[in-house]
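Notes follow once the structure below has been shown.
The values are calculated or read from the model by the stated rules, or taken from the named source; none is laboratory data. The shown structure was predicted, so the numbers you read here are calculated from the model rather than taken from an experiment. Note: ideal-geometry Cβ built from the backbone for every residue, glycine included; neighbour counts use all protein chains shown.
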Amino acid sequence: MSDYIHSGSNKMNKVGAYTNENKILLADKLGHAKVSSLKEENLINTINTVATHDTDITQLKTDMNQVRGAYVYKGTVETEYDLPLTNNHVGDVYNTSSTGINYAWNGESWDELGSNDVNLVHRTGNENINNQKIFTEGPYGTANAVTTSELNLSNGCVFTKTITANTTFIITGVPISKVATFNLLLTNGGAYIVTWPASVKWAEGIPPDLTVSGIDVLTFLTPDGGVTWYGTIALAGAA
């Protein structure tokens, strides 16, 4: 930009100051009838300065478009729910400390840009990311064999568990304020005492009778990020 402001004495002395009407027309040609951010306001002021010289308008417009499209890092918030909803400008970017995901303001809402650790996943075929999850082309996945009493939804949504002692289940890894569901394939659940979290609600308030020797398939749904779970037995006593 400075190349055009200090373009040499031969150009600076060629033309006197433009009238206000000239400056308005110049700004309008550059696509600045509306100023949407502080950066653009500063550039408009620059236009008023360089309008007193014989400036290459096409190149100046290119420079302005490059600046207009840049992201501006504004800081860090804990979660996406802490992102500000007022006094934002297009291109403002915040990082969320809880997930590492960056969000950019598009003029109306926040767009997710991704996390600091970027993983590229092809649209087709199997993908193994961080040796934790497998992504396939369809709605497929891997069942998680539970060795403790914890059902961690960050590991998946289908769990298998063989009951060999009295067990008290806990449910973790539920996205805050999100809808979530999972299935549990429970083997020999009726052979011991199985206790469910108080957040799980059953039909008529009574947990189902489980099979002493066999598999029960149970389904759980939460509409509010795990505050309340609704449980049902989808298949009892599968041999």
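Brief remarks on what is shown
- So Leu184, is it hydrophobic (A, V, I, L, M, F, W, C) and at pLDDT 95 or above: yes
- Number of the exception - Gly237 against (1) modelled with pLDDT of 95 or more; (2) assigned to a strand (DSSP E or B): (1)
- Residue count, region 151-190 (criterion: within 14 Å of Asp224 (Cα to Cα), surrounded by 14 or more Cβ atoms within 10 Å (Cβ to Cβ) and of a type in the set (Val, Ile, Thr)): 2
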